[in-house]
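The next block holds one structure in the form of structure tokens; read it before the comments.
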Amino acid sequence: MVLVNPEHEHTGQAGVPGGWSYRMLYPSVEALGAGRSTPYFPEQVVRDPDLARLLVSAHLATERGDRLAASTLMRALFARLLSRHAGSRPAPEAPTGQDAVRQAIDLLHERMADPPTLEGLAEAVQARPFPLLRAFKAVTGLPPHAYLTSLRVRQARRLLETGLPPAEVAAEVGFTDQAHLGRHFKRVVGIPPAAYQRAAGTYKTR
């Protein structure tokens, strides 16, 4: 099982030439039954055959439309996942320029559809471009442009779940067109935007 902590960047692209298939869940903190705190998983890949079988069983029950079995199995899955694999969140390191990086991240959130250049971003947070670039990557694991793409995809998911057409979602989050959205969305999430909407039950035809 692969566990991705909230806000950690990841990709859905194939890991081998022939591709692969996987079952995926995006549970909320409430669904996990973790109270108000967001759980943290120290290991991103865990080998737990019992838990993996439970995950498949929960998915299959959902596909059959057996809501009672699906919800029961899902609760059991989350309870065991937390008890076996959740741990303490490590204290964040404070690399040079962390305050500037935080300001830069906030600015990218605010100007998602119309972001500044690297030079403009650095000027806005009173830093120099290259030191900001290094510090940004040290904190987020990505350079600013890649972080922005991931941010746009996350926002696109939320908008698609409301039923907004993919073309409108692309414009809303700052992609040049629907094809641009589709390419990045499939790379990160694993499926095209329209397929994601159908799975979420919010696909609409016009």
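The values are calculated or read from the model by the stated rules, or taken from the named source; none is laboratory data. Quantities reported herein were computed from a predicted structural model and do not represent experimental measurements. Here the Cβ is made from the backbone with ideal geometry for all residues, glycine too, and neighbour counts use every protein chain on show. Surface accessibility is based on the protein's heavy atoms, side chains included, excluding ligands, DNA and RNA. Shrake-Rupley method; radii C 1.70, N 1.55, O 1.52, S 1.80 Å.
Overview of values
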quantity	calculated
Prolate/oblate/rounded label for the stretch 103-206 (Cα gyration tensor, a/c 1.5)	prolate
Reciprocal mean inverse distance between Cα atoms of the stretch 16-88 - Kirkwood radius, Å	13.4 Å
Length-normalised contact order for the stretch 97-171 - Cα pairs under 8 Å, 6+ apart - percent	28 percent
Chain lengthening between Asp99 and Phe130 when straightened (0.36 nm per residue, less Cα-Cα)	9.6 nm
Translational diffusion of the chain, µm² s⁻¹ [Kirkwood Rh, Cα pairs; Stokes-Einstein; 25 °C; 0.890 mPa s]	127 µm²/s
The chain - accessible surface per residue (Å², probe 1.4 Å)	63 Å²
Rounded Å value of the spacing that divides the Cα centres of the stretch 140-157 and the stretch 104-126	13 Å
Cα long-axis angle, helix 49-64 against the chain (0 to 90 degrees, to the nearest 10)	80 degrees
Only Lys, Arg (+1) and Asp, Glu (-1) charged, at Cβ; the chain dipole about Cα centre in debye	640 debye
Rounded tilt (10° steps) of 144-161 against the dominant C-alpha axis of the chain	40 degrees
Cα-based helix-to-principal-axis angle, 98-110 vs the chain, degrees rounded to 10	70 degrees
Helical mean residue ellipticity (222 nm; -39500 (n - 2.57) per DSSP H run of 4+; nearest 500) of the chain	-17500 deg cm²/dmol
Within a Gaussian network of the chain (alpha carbon springs, distance under 10 Å), most fluctuating of Gln155, Gln44, Gln103	Gln44
Length-normalised contact order of the chain in % [C-alpha pairs under 8 Å, at least 6 apart]	19 percent
